[in-house]
Amino acid sequence: MNSFWSNEYVNTAGDYSVVILSIVVFLAVFELVTKYNNWEEIKKGNVAVAMATGGKIFGIANVFRHSIMQNDSLLTMIAWGIFGFFLLLIGYFIFEFLTPKFKIDEEIKNDNRAVGLISMMISIGLSYIIGAGIS
């Protein structure tokens with residue numbers, strides 16, 4: 001039975017499953033902290049929300065990529081992924097704080113694509129920094 005758990009295919013499927021579940025959970029957390037419904041706005045064709053959400057998905061996946069590469073244990077990989085997610089979440093709040101002239105959530109909800117793009121780039125950029133820290 002031990003050889004089953006050490007099989008490369010089983011490990012990959014396990015990592016994949018955990019990351020998919022984590023992305024779903026972490027997007028739900030992001031949904032709680034934003035003032036709009038991501039999926040309703042995307043359904044309406046709001047490109048700014050789609051870019052911001054895509055950046056969050058990429059950011060989470062990139063953090064887990066580094067976590068998977070650096071950790072042998074599934075639990076350690078999950079712990080680093082959760083830590084990285086919270087750093088991404090803090091980055092989101094810092095972005096909101098650093099723009100006192102307008103509200104990020106309102107601009108993204110109003111399909112301001114420039115704000116959606118910069119939000120996406122911040123999520124992606126921070127994920128590389130977090131990943132480097134994990135590595």
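Structural remarks
- For segment 119-130, filtering for residues that are more than 11 Å from residue 88 (Cα to Cα) and in contact with a Phe, Trp or Tyr (Cβ under 9 Å, 6 or more places away or on another chain) leaves 2.
- Residue in segment 11-21 that is surrounded by 13 or more Cβ atoms within 10 Å (Cβ to Cβ), over 30 Å from residue 103 (Cβ atoms) and in contact with a Leu (Cβ under 7 Å, 6 or more places away or on another chain) present: yes
- Sole residue being outside any helix (DSSP H, G or I) and on the phi > 0 side of the Ramachandran plot, chosen from 111, 72: 111
- Flag for residue 56 being assigned to a loop (DSSP other than H, G, I, E, B) and on the phi < 0 side of the Ramachandran plot: no
- Residue 105 vs. criteria acidic (Asp, Glu) and open to solvent by 20 Å² or more (accessible area, probe 1.4 Å): no
- Close pairs (8 angstrom Cβ cut-off, 6 or more residues apart or separate chains): over 16 Å from residue 21 (Cα atoms) and open to solvent by less than 50 Å² (accessible area, probe 1.4 Å) in segment 57-85, small (Gly, Ala, Ser) and in a helix (DSSP H, G or I) anywhere: 66/84; 66/131; 66/132
The values are calculated or read from the model by the stated rules, or taken from the named source; none is laboratory data. This one's a predicted model, so the numbers in the text were calculated from it and none came from an experiment. Glycine also receives a Cβ, built like all others from the backbone with ideal geometry; neighbour counts cover every protein chain displayed. Remember, those area values only see protein heavy atoms, side chains included, never the ligands or the DNA or RNA. Shrake-Rupley method; radii C 1.70, N 1.55, O 1.52, S 1.80 Å.
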